[in-house]
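Input: a single structure, listed below in structure tokens.
Any read-out appearing in this document is the output of simple, stated calculations on the displayed coordinates, not a laboratory observation. Just so we're clear, the structure is a prediction, and the values are computed from it rather than from any experiment. Cβ placement follows ideal geometry from the backbone for every residue including glycine, while neighbour counts extend to all protein chains displayed.
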Amino acid sequence: MKTLFRPAPLALTVAALMSAGCANTTSPDAADSQPATKASVVEHYADVAHAGYEDALITAKALNKATDRLISDPTEANMKAAKEAWLAARVPYQQTEVFRFGNAIVDDWEGQLNAWPLDEGLIDYVQADDYQYELGNAGATANIIGSNSINVGGETLDVTNLTPELLANLNEIGGSEANVATGYHAIEFLLWGQDLQGFEAGNGERPVTDYATGADCTNGSCERRGEYLDAVTDLLVSDLEWMAAQWAPNASDNYRSQLMNADANEGVQKMLFGMGSLSLGELAGERMKVALEANSYEDEHDCFSDNTHNSHYYNGQGIQNVYTGDYRRVDGSLVSGPSLSDLVAQANPELDARLNAQLEASMDALGMMKAKAESSQNPMQFDMMIAPGNAKGASIVNGAIMALVEQTGSIEQAARQLGLEALSPDDAGHAF
Amino acid sequence: MTRLTLTFLLASSVAVTPLMAATANNADGATVEYRKQWHSDILTGYQNLATQGQTLASQAASYCQTPSPEGFEQSKQAWLEAFLAWQQVRFVDFGPVEHRNRAWQFQFWPDPKNLVARKASYLLKEGAPITPEKISESGVAVQGFPMAEYLLYDQAFNGSDSALPADHTCKLLVEVTRHIADNGQSLANDWKGFQANYLGSDQYTDTTIRSAMAGLEILEERRLATPMGLRGNGKRSVYSADAWRSETSLAAMGASVQGLKQSFLPAFSELLAERKQPDLAEQIAQQFDEVLANFPELERPMAPLLADDSAYKLLQSLYIDITQLTSLVNDRAAVELGVVRGFNSSDGD
């Protein structure tokens with residue numbers, strides 16, 4: 001078996017095309033009554049993605065309404081409601097991250113929604129002596145809210161009108177990935193503020209008066225802060241509308257139709273590639289191991305709100321969803337259909353059972369992290385777990401890492417079992 | 001942003017690879033001879049790291065006992081020698097170097113958020129005694145070459161009240177270099193102890209080849225293409241390179257290629273020759289020399305080469321040479337030997 005294979009950044013390679021030919025799109029009804037095929041599994045994958053992005057959109061609209069209320073009536077209650085809406089919006093969105101890896105259309109788009117870590121001094125005031133920004137980032141202290149024009153690396157920009165388009169164009173200004181002007185984490189910062197607690201309990205403490213009018217306004221530029229929050233939440237909604245439409249059924253010119261018209265093996269590769277990449281390199285590696293081994297709360301994912309445990313938990317849930325084909329929607333209904341699990345079980349029931357058990361074990365480990373962080377007695381949040389010398393915290397994080405590492409091994413085996421060889425990394429952009 | 005030094009080595013533990021399949025018909029452990037050679041060549045590299053680490057620790061201790069400008073320069077030189085010794089064996093991403101994240105302990109990188117500076121400031125401000133235990137519990141950003149480099153080379157830091165030979169800073173330098181030396185010594189010892197295991201399992205042949213492949217890939221993509229602005233957002237930035245404070249990013253690349261040539265290539269060439277690929281083995285050996293011919297001319301700071309378009313050409317020709325080497329090893333040779341990669345830590349964003 002000689003595989004024409006190049007390592008990163010090139011594509012997945014199909015060594016042996018085991019299944020017969022192309023994906024003829026089957027209707028969900030027909031698929032329900034027949035054994036799962038690669039084509040029906042890929043179609044259901046698109047259904048799960050569509051439901052996930054619809055849920056992300058529904059909760060983003062609720063967030064947009066809540067922030068509109070906060071801006072027009074900045075009370076503690078409205079601040080609290082806006083924060084709760086943000087937390088709720090993260091639940092479905094984090095489950096969609098598994099679609100990023102392998103689907104270039106998602107990966108190219110998601111930076112505007114979920115880029116991190118960010119140098120928040122680009123957006124608003126920060127306490128300078130406890131603010132570490134990306135080396136060489138000329139925009140790290142630009143403070144868009146604080147003035148009508150900013151200078152980044154010698155370039156002066158008019159930022160008087162804080163429109164969604166303007167903010168989108170400010171992403172990665174000056175060539176730095178840490179210049180994130182939009183998305184969930186920008187909104188998170190606008191609601192919670194800078195987390196100055198380090199490894200201690202507690203998160204950002206932005207006062208609601210940062211949105212007050214007149215003399216009550218704290219930290220200046222309250223009106224512009226409100227305009228920023230308004231624009232950035234509007235942008236989130238329109239971005240999610242676009243992505244939900246890409247996965248909608250019965251359209252002839254969206255991403256889903258491309259996926260359905262391609263070889264079903266490509267779709268199955270994307271599914272496994274997304275599961276493995278998120279499990280190992282991204283979630284276990286970048287989001288947990290780095291933060292833990294360097295005791296770096298700067299590498300904490302949702303650092304302003306201390307919601308990192310949920311981001312990790314729902315990332316893991318998204319991986320399991322893709323394998324089992326089950327997705328619990330925000331309204332409580334269950335989406336289910338032909339799954340990767342069905343396909344693997346047809347070929348190797350033992351492997352299917354093992355991978356299902358490993359996915360369950362990962363959810364248990366991530367669930368323990370979530371439970372500890374949300375415990376009513378002595379809660380230990382992710383940034384406390386990674387503190388130097390916290391052996392108990394480290395063992396919780398390590399437990400989750402090891403569970404994810406184990407499931408990745410079986411994901412690779414599942415790929416081989418289904419006739420897909422060499423799931424090499426960084427495929428984005430090469431498949432379509 | 002991804003740290004490729006983190007390797008879980010999944011593929012090696014789950015795959016029955018073609019290389020092993022091909023040797024299964026031969027007498028037991030057909031590739032054991034190559035692993036003997038690799039084990040010995042890598043041990044030489046690790047022992048050099050252990051020795052240079054000891055020299056660094058002694059030099060730092062003696063400088064801090066009796067500070068002098070000469071002692072400061074000698075400490076920098078000792079840091080560089082030890083750092084380059086690490087670069088030579090940096091590609092090995094399996095075995096004892098995985099124990100307690102030793103690779104990260106030696107070199108936590110990349111560090112876009114400047115965690116090294118933050119940790120140094122925290123440790124020096126805190127005023128708590130700097131002990132070996134304190135270093136051990138302070139995380140990988142404190143424990144290795146980048147921290148010692150920060151203390152010795154960082155311009156802003158060197159202009160501050162905490163600059164060497166300030167008492168607390170000296171203690172930090174002495175303990176960090178001691179930690180590096182101890183790690184180097186343990187790594188060399190553990191590698192010796194790993195011998196039976198390594199020789200006894202055919203899958204380590206693939207694992208060793210994959211580690212060299214990953215080392216070359218990191219060299220090409222992360223250590224060179226990224227600061228050159230050929231990847232990601234297209235911005236040239238020396239801060240994306242490692243060792244920018246000491247201006248030794250390029251010298252370190254040269255050392256890594258030299259290390260692969262010394263510790264990986266000999267057994268690899270023989271393996272290729274035995275697989276009826278002597279021409280390819282010869283091409284790869286020549287390409288190593290092509291890359292190394294860029295040095296020592298390129299043992300110079302990278303920042304000025306990024307700032308000047310005509311000087312940038314020097315980087316471009318190094319890049320082309322390394323790309324060709326990577327392509328020969330990772331594409332052609334790996335395909336001939338049937339070595340495939342699974343998921344690794346670089347799969348994130």
### Query
Roughly what would the spin-label model give for B:Phe72 and A:Leu351, points 7 Å off Cα along C-beta, in nm?
6.2 nm
### Task
Using the number of other C-beta atoms within 10 angstrom as an exposure proxy, rank A:Trp242, B:Trp38, A:Trp116 with the fewest first.
A:Trp242, A:Trp116, B:Trp38
### Query
Per-residue mean of other chain beta-carbon atoms within 10 angstrom of the beta-carbon, peptide A:291-300?
6
### Query
What are the radius of gyration and Dmax of chain B, computed over its Cα atoms and given in Å?
20.5, 68
## Note on the structure
Averaged over residues of A:131-139, the number of beta carbons from other chains lying within 10 Å of each residue's Cβ is 4
### Summary
Going fewest to most other Cβ atoms within 10 Å around each Cβ, A:Met288, A:Met271, A:Met363 line up as A:Met363, A:Met288, A:Met271
### Query
Based on the Kirkwood radius over alpha-carbon pairs, what value in µm²/s does the Stokes-Einstein equation return for the translational diffusion coefficient of the protein assembly as shown at 20 °C and 1.002 mPa s?
78 µm²/s
### Query
What base-10 log of the normalised intensity I(q)/I(0) is obtained for segment B:38-199 from the Debye formula, alpha carbons as equal point scatterers, at q = 0.11, 0.18, 0.19 Å⁻¹?
-0.42, -1.05, -1.16
### Task
Throw me the Rg/Rh for segment B:202-349, computed over C-alpha atoms with Kirkwood Rh, two decimals.
0.99
### Fluctuation leader among A:Asp234, A:Asp158, A:Asp326 - chain A, Gaussian network, Cα springs under 10 angstrom
A:Asp158
### Message
Using Cβ contacts closer than 10 Å as the measure, can you line up A:Asp108, A:Asp352, A:Asp68, A:Asp129 from fewest to most?
### Response
A:Asp129, A:Asp108, A:Asp68, A:Asp352
## Note on the structure
Expected integer from the mean partner chain Cβ neighbour count at 10 Å over B:218-231 is 1
### Message
Working only with C-alpha atoms, what are the Rg and Dmax values of chain A, expressed in angstrom?
### Response
22.2, 74
### Task
Under a cut-off of 18 Å between alpha-carbon atoms, report the lysines in cross-link reach of B:Lys36, not counting same-chain residues fewer than 8 places apart.
B:Lys192, B:Lys261
### Message
Longer than 18 Å from Cα to Cα, which of B:Lys119/B:Lys235; A:Lys392/B:Lys125; B:Lys76/B:Lys125; A:Lys80/A:Lys372; B:Lys235/B:Lys313 are they? Say none if no pair is.
### Response
B:Lys119/B:Lys235; A:Lys392/B:Lys125; B:Lys76/B:Lys125; A:Lys80/A:Lys372
### Query
B:Asp161 to B:Gln324: extension gain in nm, 0.36 nm per residue of separation minus the Cα-Cα distance?
53.9 nm
### Query
If one computes the Cα centroid of segment B:281-304 and of segment B:100-137, what distance in Å separates the two points?
33 Å
